[in-house]
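**Q** Before I ask anything, here is the structure I am working with.
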């Protein structure tokens, strides 16, 4: 469905009145649209602010420089890009359906939108691998998973995502300015063929999600056995072994992070299922707009999950909001009483 059919009660104008090849512009007015724009703008601002808190927290406080938190930092960067760039430009296209930034920015915008989505899922895969090692092999975790190794894998993951999306957009004729097929001047439309949608779903959604689900199923199997072992030891002796205590804490962390993955899947599964029902999908279709915004809202939910589950995020946020991070040696502040 073309964007010109998005609403019937719009005032038809032109994006560039002096250009005869200009696209028609739909100025959407009325209380319903004003309310929608206010809500979406608030979501965008909150996404930027909350993910910025996560980025500053993990980057500034030394105690938070752990492998798991570095992966959370990578996820927050992807969500931050969504709130800072993708959401505002989507709102701009919703206001009057025109693209005023030219073909180059259209290519860059599309690249950022797809890369941020791929990097988010890549970060979730890394999180599942990290938690699997932490729960299933806790004694060797500190030697097998280090900050340096995790940083290398994060950089490699982002690089592979960028390479994959570049190839993906190239074969959908949308990578370079000369390849952007537009019917009129003043639109930014990505047309995704159904075949490539299926390929993309298998490579960048089903496969990584299957890895995540398998790893978490193994994690919770191990967690169940550990819980039984801890209860047996507790009933037979006054103190639990230190290794069991460590395993228990890692299991709790895995359960918290599994909620992040559950929310991600809940936001993205409707989008992929719906896109497969169409012969081709354009970024200006009704279905893309509705389900696309559901996927974007996921970037706002992740930092809220951290705020609910993680005391270090609440503590670090207080330091940032009250500007106490500018004090001397604030980066060495102990946000938690013990190692987490």
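Throughout, read-outs are computed from the coordinates displayed, never taken from laboratory work. Model, not experiment: these values are computed from the prediction. Positions of Cβ are backbone-derived with ideal geometry, glycine not excepted, and every protein chain shown enters the neighbour counts.
**Q** So for 201, 87, fewest C-beta neighbours within 10 Å to most, what's the order? All intermediate terms of the calculation are to be shown ahead of the outcome.
**A** Numbers: 201 18, 87 24.
Least to most surrounded, the residues fall as 201, 87.
**Q** Starting from a Cα-only point model with no solvent, please compute log10 I(q)/I(0) by Debye for segment 38-78 at q = 0.15, 0.19, 0.20, 0.30 1/Å.
**A** -0.39, -0.55, -0.58, -0.95
**Q** Okay, moving on. Please work out the Kirkwood hydrodynamic radius for segment 34-116, using every pair of different C-alpha atoms, and report it in angstroms with one decimal place. Can you show the working numbers first?
**A** Working: mean 1/r = 0.0712 Å⁻¹.
Kirkwood radius, segment 34-116: 14.0 Å.
**Q** Work out the FRET efficiency for residue 229 and residue 193 from their Cβ-Cβ distance, taking R0 = 41 Å, and round it to the nearest 0.05.
**A** Details: r = 52 Å, r/R0 = 1.28.
Rounded to the nearest 0.05, the efficiency is 0.20.
**Q** Taking 0.36 nm per intervening residue step and subtracting the Cα-Cα distance, what contour gain separates residue 32 from residue 167 on full extension?
**A** On the way: separation 135, 0.36 × 135 = 48.60 nm, distance 3.94 nm.
Gain on stretching residue 32 to residue 167: 44.7 nm.
**Q** Once label points are set 7 Å from the Cα along Cα→Cβ at both residue 221 and residue 101, what is their separation, rounded to one decimal in nm?
**A** About 4.6 nm separates the two model spin labels.
**Q** If you don't mind, another one. To the nearest 0.05, what FRET efficiency results for residue 42 and residue 256 with a Förster distance of 30 Å applied to their C-beta separation? Walk me through the intermediate numbers first.
**A** On the way: r = 26 Å, r/R0 = 0.88.
Taking R0 as 30 Å, the efficiency between residue 42 and residue 256 is 0.70.
**Q** If r is the Cβ-Cβ distance from residue 152 to residue 210 and R0 is 22 Å, what FRET efficiency results, to the nearest 0.05? Provide the component values of the computation, followed by the final result.
**A** On the way: r = 24 Å, r/R0 = 1.11.
Rounded to the nearest 0.05, the efficiency is 0.35.
**Q** Multiplying the sequence separation of residue 294 and residue 19 by 0.36 nm and subtracting their Cα-Cα distance, what value in nm do you get? Provide the component values of the computation, followed by the final result.
**A** Details: separation 275, 0.36 × 275 = 99.00 nm, distance 3.51 nm.
Taking residue 294 through residue 19 to full extension adds about 95.5 nm, to one decimal.
**Q** Another one. Expected output is a single nm value to one decimal: the length gained when fully extending between residue 326 and residue 203, i.e. 0.36 nm times separation in residues minus the C-alpha distance. What is it? Could you put the intermediate results ahead of the total?
**A** Numbers: separation 123, 0.36 × 123 = 44.28 nm, distance 4.41 nm.
My answer for the length gained is 39.9 nm.
**Q** Moving to a separate point now. For a footprinting-style exposure proxy, rank 199, 189 by other Cβ within 10 Å, fewest first.
**A** Numbers: 199 13, 189 20.
Fewest to most other Cβ atoms nearby, the residues stand as 199, 189.
**Q** Return 79, 200 ranked ascending by Cβ neighbour count within 10 Å, so the fewest neighbours appear first.
**A** Values: 79 29, 200 20.
With the sparsest Cβ surroundings first, the list reads 200, 79.
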